[in-house]
1. I'd like the residue in segment 39-51 that is free of Cβ contacts under 8 Å to residues at least 24 places away in the same chain and under 17 Å from Arg87 (Cα atoms) and, out of all such residues, is least open to solvent (accessible area, probe 1.4 Å).
2. So, of the residues in segment 39-74 that are within 16 Å of the chain's Cα centre (by Cα) and among the hydroxyl-bearing types (Ser, Thr, Tyr), which turns out to be nearest to Leu12 (Cα to Cα)?
3. All but one of (1) touching a His at 6+ places or on another chain (Cβ under 6 Å); (2) in a loop (DSSP other than H, G, I, E, B) hold for Arg69, so report the exception by its number.
4. From the residues in segment 17-66 that are among the small types (Gly, Ala, Ser) and outside any helix (DSSP H, G or I), which one is nearest to Arg132 (Cα to Cα)?
5. Going residue by residue through segment 116-139, is there one that turns out to be surrounded by 16 or more Cβ atoms within 10 Å (Cβ to Cβ), at pLDDT 95 or above and assigned to a helix (DSSP H, G or I)?
6. Limited to segment 72-93, what total is found for residues that are part of a helix (DSSP H, G or I) and of a type in the set (Lys, Arg)?
7. Of all the residues that make up segment 52-107, how many are of a type in the set (Asp, Glu), open to solvent by less than 50 Å² (accessible area, probe 1.4 Å) and touching a residue at least 40 places away in the same chain (Cβ under 8 Å)?
8. Filtering segment 19-38 down to residues that are at pLDDT 95 or above and open to solvent by 100 Å² or more (accessible area, probe 1.4 Å), which residue is nearest to the chain's Cα centre (by Cα)?
Amino acid sequence: MSSFTKLEFPKLPEQVREDLGNIIPSVDRDLTYWPCAARLSNGTVLSCVYVVPEGPYIKYWGVYPQHDRGKSYISISDVEALAESPRRLPAKFANELYKNGESGMGYTIFTVVFADGSRQAYLTGNAVDFIRYPEGMGQNDVIEVLPHEGRNAELVRGHEYYWCLFSE
């Protein structure tokens, strides 16, 4: 008998669903992520949040974020509004990284090429969307990603982020 306990998650509130419609998702096989910024009902703004449907999340990750010591979680019930995150890698580049898979067991290494010709190597877990941009750089400066490149460079870790699951 499995010790897996299914949790119940609320459906998306209408306003949050509308907000999500304005955010381009990232896709990793059967899992759709909405990497975004979230304003909570207490006024707190979190700039790195993955909003994800519960069923595909569990199929992919195998454990609820509340039961995983390595993950942070917020409830969709506490979310008042969602918006595009300034810390997000543009979706087309994140999707390219997802298509190329992880670099090793549980991690991804990649290099971002910026419009001025500079490069920065990153190390993330299997969720790759939130990066630490060099000072003065942002989403509009990204021109290319190089999957699995940068092992010998000084690696910058991705941002800490939260998971936020909802019922479909």
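1. Ranking the candidates gives Thr44 first.
2. Tyr50
3. Going through the list (1) touching a His at 6+ places or on another chain (Cβ under 6 Å); (2) in a loop (DSSP other than H, G, I, E, B), Arg69 breaks only (1).
4. So, considering only residues that are among the small types (Gly, Ala, Ser) and outside any helix (DSSP H, G or I), the one nearest to Arg132 (Cα to Cα) is Ser47.
5. yes
6. The number of residues fulfilling the criteria is 1.
7. So the count comes out to 1.
8. Here the answer is Ile24.
The values are calculated or read from the model by the stated rules, or taken from the named source; none is laboratory data. Computed from a prediction, not measured in an experiment: that's the story for all the values here. Cβ atoms come from the backbone with ideal geometry, glycine included; neighbour counts cover every protein chain shown. To get the accessible areas, we keep the full protein, side chains included, count just its heavy atoms, and leave off ligands, DNA and RNA. Shrake-Rupley method; radii C 1.70, N 1.55, O 1.52, S 1.80 Å.
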